[in-house]
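J.: Starting off with a structure, shown below.
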Amino acid sequence: MRRTALTLVIIGALNWLLVGLFQWDLVAALFGGDAHRVSSGISRIVYTLVGLAGLYCIALLFRDDDRARAR
């Protein structure tokens, strides 16, 4: 679950980097939709999954992981 969440957060971060630097939305380009129009259903699902992964990763920040302390 952690690896999936982190992967989605990385995808989201890279997508926002592309939006910020080039005003180009990779998710919308791949799955349809446009920033100036209504996004496609698949794009909205991707955005929602990335958002949920981000919320999950917030919990990882405060998690006391025994493996990390053992290193």
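The values are calculated or read from the model by the stated rules, or taken from the named source; none is laboratory data. Computed from a predicted model, the values in this text were never measured in an experiment. Backbone-built Cβ (ideal geometry, glycine too); neighbour counts: all protein chains shown.
J.: Can you confirm whether segment 23-40 contains a residue that is modelled with pLDDT of 80 or more, crowded, with 18+ Cβ neighbours inside 10 Å and more than 12 Å from the chain's Cα centre (by Cα)? It would help to see each step written out before you state the result.
T.: Of the residues in segment 23-40, the ones modelled with pLDDT of 80 or more are 23-31.
Of the ones still in play, those that are also crowded, with 18+ Cβ neighbours inside 10 Å are 25, 27-28.
Okay, now just the ones that are also more than 12 Å from the chain's Cα centre (by Cα), so 25, 28.
Yes, there is a match, as at least one residue in segment 23-40 is modelled with pLDDT of 80 or more, crowded, with 18+ Cβ neighbours inside 10 Å and more than 12 Å from the chain's Cα centre (by Cα).
J.: Just to be sure before I move on: is Val9 at pLDDT below 85 and β-branched (Val, Ile, Thr) in the structure I sent?
T.: Taking the combined requirement at face value, the residue does not satisfy it.
J.: Pairs only if they're at least six apart or on different chains, beta carbon under 7 angstrom, first in segment 36-50 and of a type in the set (A, V, I, L, M), second assigned to a helix (DSSP H, G or I) and modelled with pLDDT of 80 or more; list them, first residue then second.
T.: As it stands, the answer is Ile42/Phe31; Val46/Val27; Val46/Phe31; Leu49/Leu8; Val50/Leu8; Val50/Val9; Val50/Ile11; Val50/Gly12, since those pairs meet every condition given.
J.: So, of the residues in segment 43-71 that are surrounded by 14 or more Cβ atoms within 10 Å (Cβ to Cβ) and β-branched (Val, Ile, Thr), which turns out to be modelled with the highest pLDDT?
T.: Val50
J.: Return the pairs, sorted by first residue and then second, in which the second residue is loosely packed, with under 10 Cβ neighbours inside 10 Å and modelled with pLDDT under 80, the first residue lies in segment 51-71 and is farther than 12 Å from Leu6 by Cβ, the beta carbons are less than 7 Å apart, and the residues are 6+ apart or on different chains.
T.: Nothing qualifies.
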